[in-house]
Amino acid sequence: MATPALPDHKILQEAAHWFATLADEKASAEDRVQWQAWLNQHPDHHQAWQYVEQVGQRFFTAQQQAGRENASQIIRSTRQRRIGRRQVLGGGAAGLAMWLVWRQTPLASVSQRLANSLSADHHTTIGEQRQLILADGGQLWLNTATAVDIRYQETGRNITLLDGEILIDTAPDALQRSFVVHTPQGSLRALGTRFAVQQQSSRVLLAVYQGAVEIRTQQGQFLTVQAGQQSTFSNSHIGKPQPADNARQAWANGLIIANHIPLRSLVDELARYRHGHLSVSPQVAELQVVGTYPTDQPDHALAMLEATLPVKVERLFPWWVTITPEQ
């Protein structure tokens, strides 16, 4: 099922600022009246508000899982950065109040990503990457927030991608068993190859760097993608192959390589490696970016962008970060 589209950037920012206003210990009754009026203006305002609440809750839940001392340190550092109720702020006592409430309130439901991770043979958390040596000597890399099952049997070598992104170097097999990656949208049969597979909501991206891979969708369409090509596919459709971007492999070495790509594309990629919301203002979204950025230090990558582009990184909360035009 496709993920519903979020409201536009302006509405999301309005929702985040209202969240900051109401979270402040000095919030007044009039503030709440004005917020309620804003909320009722349009259904998109309700959707944006719910999204902001969910992002904040997931951030604090992730910090709780990482350890309460770590979470407390974030709250303390946030409190020190608080500027004022109607300015860009980091949370302060309000952030502490939210934490005290959320740490005692279980999530209404467990996300599919968490469920996949808990049940998978191997998984990575947000910002984590891992390399595995397969039983046949092949290599498998798991990117951020990835979950896989591995089943090597006499009849075949099977990997099920439950979520996230993997890079595979297959190895020759003495038993000549097939090597197949399974996804909800279809299967991928490797023909002696190096290739990457990324689950993207309702579709899958395949990039082939060596050899070839045969795509077969759930509804029976099939296509062989050759080395140097990439394609996306859904349950019923396979996209026309396009030139593969070799730079996409760099994540296996902990890097994102930007070679004259829009800033929005780099931000989308960096967002996968950090908890919370990361977005870019439309005014600077199309700026062209060149450089190499670390996946394990996304906030350092943001600082690099701020140093080389006419942009400013604004942190409304530790979990709500926006790149805007430089003042």
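Readers should treat all values here as calculations from the given coordinates under stated rules, not as data from a laboratory. Just so it is clear, the structure is predicted and the values come from calculations on it, not from any experiment. Here Cβ is always computed from backbone atoms with ideal geometry, including for glycine, and neighbour counts include all displayed protein chains.
Global dimensions of segment 120-246 from alpha-carbon coordinates: Rg and Dmax equal 13.4, 36 Å.
Distance from the C-alpha centroid of segment 235-295 to that of segment 34-51: 31 Å, rounded to the whole angstrom. The Cα-based radius of gyration of segment 254-325, divided by its Kirkwood radius, gives an Rg/Rh of 0.91.
If R0 is 35 Å, what FRET efficiency do you get for residue 44 and residue 125 from their C-beta distance, rounded to 0.05? Provide the component values of the computation, followed by the final result.
Working: r = 31 Å, r/R0 = 0.89.
For R0 = 35 Å, the calculated efficiency reads 0.65.
Over all distinct alpha-carbon pairs, what is the Kirkwood Rh of segment 153-227 in angstrom? Present the calculation step by step, with values, prior to reporting the outcome.
Numbers: mean 1/r = 0.0803 Å⁻¹.
Result for segment 153-227, one decimal place: 12.5 Å.
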